[in-house]
Amino acid sequence: MTAKPRLLIVSSLFPPNIIGGAERSACNIGQMHLSNGHEVGVLTTAANKEQECDGKVEDGLKVWRQLMPRPYQMMDFLQASKWKKPLWHAQDHFDPRNRSFVRKVLDQFKPDWVNVNFIQGIGYNALQDLAEYGAPVVFHLHDLGLACIRMSMFSGGKNCEKQCSACAASSKYKADLFKKFDRVGFSSPSQANIDTLAKFFPVKIYPNIAVLNPNKYPAPNQPSTPSKKFRIIYVGRVHETKGVDLALEVIQKLAGLYEVEFNVIGGGPILDEVRAKYGSQEWCHIHGFLSQQEIANFMQDSEVMVVPSIWAENSPGVVVHANQLGLPTIGSRKGGIPELVADGETGLLVEPGNRAAWYDALENLIKNREIVDRWKAELAKRAEDYGISKIYGQSIQFYEKVRDMPVRRQHG
C-alpha cells in the first residue's frame, strides 16, 4: 500500500489562535489536502502552556503547538509594549530554540513537502533547518515581512519608499537564508504584493505565483431584509491604515442628505474612539467582532462594501467573500485591491485618502442604484473565478513546479 504524501504546514498562527485571514487560509489548505489523500501536520505556536501538544490529532490534522520563548506571543503583538518589540524580533531572528522546535517536528513527522504559511513568531532562523531537511517548500507571502519587520512597509501614516537600516539588515539576513534552499517557491494572493516585495527582496529569482488564498466563506443562512436605505458595510480592522475614519466622515455627510445606513464590523485599536464618536448616531451601527456567518448575513443585506485602505493591502479576504456573494466593493486604488475589483464592471476604485472622491463615488451610487444592480449581476457571472476548486488546482500546479526543480545536494 502506497504511503500518503505528508504535508507540513508551518504557521505561527493557526486555529484557535486567529487574528486574520492568513491563519484561516492555513487551516483551509490543511483540510483541502487532507480531503485529497494527504497526511497533514501543523507546526504552530501556543497562546499558553495548556495549549501545547506534540502531534495531537485535531480535525484530522496532526498538530505540534509550542509556547515560544518570547516577551509576548504572536497573537498578542497588537497589544504589546513597544519596548518589548526589539527583543522579540531579535529572538525571532536568532534564538536557537526556534530551530530546536522545528527540527523536532521535522524529525517526528518527516514531511514530503512543506507549506510555510507564516513563520514570523516561530523564527526566521528555522528556515535553515527547512533548507537542510531538503523537502520542497512553498513560502506564502501574506504581507511584506521579507522586506519589513512591521510586515507592511507602512510607517507614520504613509507607505515607506525605502527600507530603514533595521529592515534592510533583516531582509538581507532572510535573503541569505533562502539561498540555502534547493527547491523553494513563493506564492502570494496578489501580484501587487510580489511586485512591491521585489523592490527590496529578490523574490523574482525564484518561482513565484499570484494565486488567491483558498479561503472558504459561508453563504447567508437567513432571508434578506429589503430596505429603502442605501446600506453600506465595512468589514476589517478598525485602524487608521484601513481608512475607516474617512468612510465614517464621508457617510456622516451623506446621511444628512440621504437615507443611508453604515454597518462597521471588526475590532481594532481605534474601535472605542469610533464608537464614542459615531455610535449614538442613527445611521451608524458599530458591531465590533462578528463571526464569518454573521458577516455573510450583513453582506447579503448591503448595497455595497467599502474598503478605503490608505496602505497597500495584499489581497483582502473580505473582498473575495463579497465577490462570492455578489456584493460590489468600492475600494482604494492601491495594493492588491484593483486585482479583485473590476473598475466600473463589478465595483469601483477610488483614490485612497481622497475624501471628495469618496463622497462623489458613494453619492452617485445612492442616486443611481441601477449601477449597483448591474454590478451585482456581473459578479454573479464571475462567481467561478473565486471557487475553491479552481484556486486549489492552481496551487497544486505551482507546488508540482517547485517539487520538480533540480536538487543540487543529497539530504539526510
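The values are calculated or read from the model by the stated rules, or taken from the named source; none is laboratory data. None of these values were measured; they are calculated from a predicted model. Glycine gets a Cβ as well: all are built from the backbone with ideal geometry, and neighbour counts include every protein chain shown.
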Exercise. Say we look at segment 367-412 and pick out the residues that are modelled with pLDDT of 95 or more and in contact with a Leu (Cβ under 7 Å, 6 or more places away or on another chain); which of these is surrounded by the fewest Cβ atoms within 10 Å (Cβ to Cβ)?
Worked result: Ile371
Exercise. Does segment 107-121 contain any residue that is in the same structural domain as Ser165 (by TED's automatic domain parsing), without any contact (Cβ under 8 Å) to a residue 40 or more places away in the chain and surrounded by fewer than 21 Cβ atoms within 10 Å (Cβ to Cβ)?
Worked result: yes
Problem set entry | First in segment 351-378 and within 16 Å of Leu327 (Cβ to Cβ) and of a type in the set (Asp, Glu), second anywhere and at pLDDT 95 or above and surrounded by 15 or more Cβ atoms within 10 Å (Cβ to Cβ), Cβ under 8 Å, 6 or more apart | Glu378/Ala342; Glu378/Thr346
Exercise. Of Ala219, Ala210, which residue is among the small types (Gly, Ala, Ser) and within 18 Å of the chain's Cα centre (by Cα)?
Worked result: Ala210
Problem set entry | Qualifying residue in segment 58-69 (condition: of a type in the set (A, V, I, L, M) and more than 24 Å from the chain's Cα centre (by Cα)) | no
Exercise. Taking Gly393 and the conditions (1) among the small types (Gly, Ala, Ser); (2) outside the structural domain of Val307 (by TED's automatic domain parsing); (3) touching a residue at least 40 places away in the same chain (Cβ under 8 Å), which numbered condition does it fall short on, given that it satisfies the others?
Worked result: (3)
Problem set entry | Some residue of segment 65-88 being at pLDDT 95 or above, in the same structural domain as Asn159 (by TED's automatic domain parsing) and closer than 28 Å to Leu212 by Cα | yes
For this session: Give the residue that is nearest to Ser25 (Cα to Cα), with candidates limited to residues of segment 293-333 that are among the hydroxyl-bearing types (Ser, Thr, Tyr) and not in a loop (DSSP other than H, G, I, E, B).
Result: Thr329
For this session: Among the residues of segment 376-410, count how many are of a type in the set (D, E, K, R) and part of a helix (DSSP H, G or I).
Result: 9
Seminar exercise, completed: How many residues of segment 230-289 are over 24 Å from Val320 (Cα atoms), among the hydroxyl-bearing types (Ser, Thr, Tyr) and outside any helix (DSSP H, G or I)? The answer is 2
For this session: Give the residue that is farthest from Val40 (Cα to Cα), with candidates limited to residues of segment 111-156 that are of a type outside the set (A, V, I, L, M) and assigned to a strand (DSSP E or B).
Result: Ser155
For this session: Output the number of residues of segment 323-350 satisfying the condition of being without any contact (Cβ under 8 Å) to a residue 40 or more places away in the chain, touching a helix residue (DSSP H, G or I) at 6+ places or on another chain (Cβ under 6 Å) and among the small types (Gly, Ala, Ser).
Result: 1
Problem set entry | Where a residue in segment 184-213 is assigned to a helix (DSSP H, G or I) and its partner, wherever it lies, is of a type in the set (Ser, Thr, Tyr), with Cβ under 7 Å and at least six apart | Ile194/Ser188
